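A.B. asks: Pasting in a structure now, in structure tokens, and then I'll have a few things to ask.
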Amino acid sequence: MQIHCFFSTFLCLAVFFTPVKAQQPTSPLLQELDQKWTNAANYTREVAESMPDSLYSYKPVAEQMSFAEQIRHLADNILWLSNAYLGQETSREESTTVPGDKTALLALLDKALSQGQKAIRNIQTEALEEKVTFFAGNMSKRQIIMLMNDHLTHHRAQAIVYLRLQGIAPPRYRGW
């Protein structure tokens, strides 16, 4: 009897503490966006890793953001869009300062890319067409996902130019 009680308690605890996996996208569009985001996230991480820590403050010209600021900006944007418009509960880190080192920025980037992925994985197909109030006018959540991806691509491309200007070959491109 004690063994049965122990086993039942163990089973209940195991079920209770087993992490729940994010729901996999159900529509073909969401499946494709999920795959694209995975590849874009890995590619972006590799770009950020390619710049040596000593060159994270590099700017091609004074008016441009530094490499570190580019990474911080794209991470902040993902956190903002996924939180404010796609229903993620993770708080956005409000800050005008850039973390002082590459390790801290890579951690922030990882957090943002993961949150962007969760936003795509957790949205329901029928919610894609829901309108949200955006500063540029009402947009669907589908448009917000596209914007989040486009903004990531834009700033990753700028970071790649910074690598090239420093004579560093960027990681091999993969688009989807």
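The values are calculated or read from the model by the stated rules, or taken from the named source; none is laboratory data. The shown structure was predicted, so the numbers you read here are calculated from the model rather than taken from an experiment. FYI the Cβ positions are ideal-geometry reconstructions off the backbone, even for glycines, and counts take in every protein chain you see.
A.B. asks: Is it the case that some residue within region 133-151 is over 21 Å from N83 (Cβ atoms) and of a type in the set (K, R)?
C.D. replies: No, region 133-151 contains no residue that is over 21 Å from N83 (Cβ atoms) and of a type in the set (K, R).
A.B. asks: Turning to a different aspect of this structure: So which residues in region 121-142 are part of a strand (DSSP E or B) and either out of contact with any helix residue (DSSP H, G or I) (no Cβ under 9 Å at 6 or more places or on another chain) or aliphatic (A, V, I, L, M) (or both)? Can you show your working first?
C.D. replies: Filtering region 121-142 for residues part of a strand (DSSP E or B) gives 131-134, 137-140.
Hits for region 121-142 are V132, T133, G137, N138, M139.
A.B. asks: May I ask you to list pairs of residues, at least six apart or on different chains, whose Cβ atoms are under 9 Å apart, with the first in region 116-127 being within 20 Å of D76 (Cβ to Cβ) and the second being of a type in the set (S, T, Y) and surrounded by fewer than 22 Cβ atoms within 10 Å (Cβ to Cβ)?
C.D. replies: Q117/T38; K118/T90; A119/Y85
A.B. asks: From the list A41, A68, exactly one residue is surrounded by 15 or more Cβ atoms within 10 Å (Cβ to Cβ), within 17 Å of the chain's Cα centre (by Cα), at pLDDT 95 or above and under 30 Å from Q124 (Cβ atoms). Which is it? Explain how you work it out, then say what you get.
C.D. replies: Details: A68 fails: under 30 Å from Q124 (Cβ atoms).
Sole residue among the options that is surrounded by 15 or more Cβ atoms within 10 Å (Cβ to Cβ), within 17 Å of the chain's Cα centre (by Cα), at pLDDT 95 or above and under 30 Å from Q124 (Cβ atoms): A41.
A.B. asks: Given the structure, is D110 under 20 Å from R45 (Cα atoms), surrounded by fewer than 16 Cβ atoms within 10 Å (Cβ to Cβ) and at pLDDT below 95?
C.D. replies: Working: under 20 Å from R45 (Cα atoms): yes; surrounded by fewer than 16 Cβ atoms within 10 Å (Cβ to Cβ): yes; at pLDDT below 95: no.
In short, no.
A.B. asks: Kindly evaluate E130 against the criterion of being farther than 23 Å from V47 by Cα, among the charged types (D, E, K, R) and at pLDDT below 95. Let's see the steps before the verdict.
C.D. replies: Details: farther than 23 Å from V47 by Cα: yes; among the charged types (D, E, K, R): yes; at pLDDT below 95: yes.
Criteria met by E130.
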